[in-house]
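In what follows, a structure is listed as structure tokens, so that the remarks can point back to it.
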Amino acid sequence: MKYTLEPVAVIKTCFPEKFGIPRQSLLCPSAVGELILLPPYNQKEAVAGLEQVSHLWLSFIFHQHVDKQWKPKVRPPRLGGNKKLGVFATRSSFRPNNIGLSVVKLEGIEFRDKSNVKKQFGSQDPQVILHVSGIDLLDGTPVIDIKPYVPYADCVIAASNLMASAAPPSLSVIFLESASLFLDNLAFNKNKNNAVDFKQLIIEVLQQDPRPAYHEVDSARIYSMFLYDFDIKWSYRYDINNLLNIDVVAIIDVAVTKIK
């Protein structure tokens, strides 16, 4: 028996590419997004009562993997990418049905009527938008269901997972001169609060160490990922106490670069 699923919403996020996306939701509270309900689900009635909820379960499609063949064993990043586990013992995106599950924080609900939507988006359809944070989803991810998080049922105090018993340790993130100057200029030209929020987003994403776990530390190697339209470049080094640090060496506004 086969079932057909269709998206009820699509999410706009700060992650235009897969590399660097937090490996679990809620690890980066500053990672925010807009969950835009699609017709015919874009009705106020469909979210009535949701204002009483702090967190949501999102069921979504790993849409960039739907053409990939699943395998019974995968290499989860949490185990270094070298050890194989059964696919159903992991949250790998390479799954038989490519379905993912995330908990996000609901920050607010917005309704845009036809006049506002036409002016801003060139569409006649009214929009229902759920503002969420703590996301770990690629920009444009189709969401197939939205459910309220129920603390007394969903939070299992005695639960255990011996493969991932705690969040990975956080690394220190240091902004070198070029990156700091960029953020100072961003605050001057745009909005100081936005620049502060953006800096915090960079810290929360990088301190999770996006680097593939099998990569050895090479201080000469520069990594790169995109947040919104900004190319973030960083490297790794050990400090005098032999602690691993991340140095943000540059931030490039790709949108401005394209214009030039």
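The values are calculated or read from the model by the stated rules, or taken from the named source; none is laboratory data. Because the structure is a prediction, the values reported are computed rather than measured. Quick reminder, even Gly has a Cβ in these numbers, built from the backbone with ideal geometry, and neighbours come from all protein chains shown. For accessibility, only protein heavy atoms count, side chains too; no ligands or nucleic acids. Shrake-Rupley method; radii C 1.70, N 1.55, O 1.52, S 1.80 Å.
For this structure, a couple of remarks:
- Apportionment of accessible area to carbon and sulfur, the chain, percent (1.4 Å): 54 percent
- When exposed loop sites are taken as GluC sites (Glu not before Pro) in a DSSP loop with at most 13 other Cβ atoms within 10 Å, the longest stretch of the chain clear of them is 18-215.
- For the chain, the solvent-accessible area works out to 61 Å² per residue, with a probe of 1.4 Å and every protein chain left in place.
- Rounded to the nearest 20, the size of the Cβ-charge dipole of the chain about its Cα centre is 780 debye, with Lys and Arg at +1 and Asp and Glu at -1.
- Solvent-accessible area of L50 with every protein chain in place, 1.4 Å probe, in Å² to the nearest 10: 20 Å²
- Area accessible to solvent at L27, 1.4 Å probe radius, in Å²: 50 Å²
- Taking the chain as a Gaussian network of alpha-carbon nodes connected by springs under 10 Å, the highest mean-square fluctuation of the residues P151, P96, P142 belongs to P151.
- Anisotropy class of region 144-206 from Cα gyration tensor, a/c 1.5 cut: oblate
- When each of K44/K105; K18/K233; K18/K105; K68/K147; K12/K147 is checked by Cα-Cα distance, pairs over 24 Å: K68/K147
- Most mobile listed residue (Y236, Y223, Y214) in the chain, GNM with C-alpha springs under 10 Å: Y214
- With DNA, RNA and ligands ignored, accessible area of K84 (1.4 Å probe; Å², nearest 10): 100 Å²
- Three-way shape call for the chain based on the alpha-carbon gyration tensor, with the a/c threshold at 1.5: oblate
- Taking a Cβ cut-off of under 10 Å around S170, the surrounding Lys, Arg, Asp and Glu residues balance to a net charge of -2, with basic ones at +1 and acidic ones at -1.
- Of the residues G33, G140, G49, the one that moves most in a GNM of the chain with alpha-carbon contacts below 10 Å is G49.
- The chain - mean residue ellipticity at 222 nm from DSSP helices (-39,500 (n - 2.57) per run, n ≥ 4, rounded to 500): -5000 deg cm²/dmol
- Tensor-based shape of region 175-239 (alpha-carbon gyration tensor, a/c under 1.5 rounded, otherwise prolate or oblate): prolate
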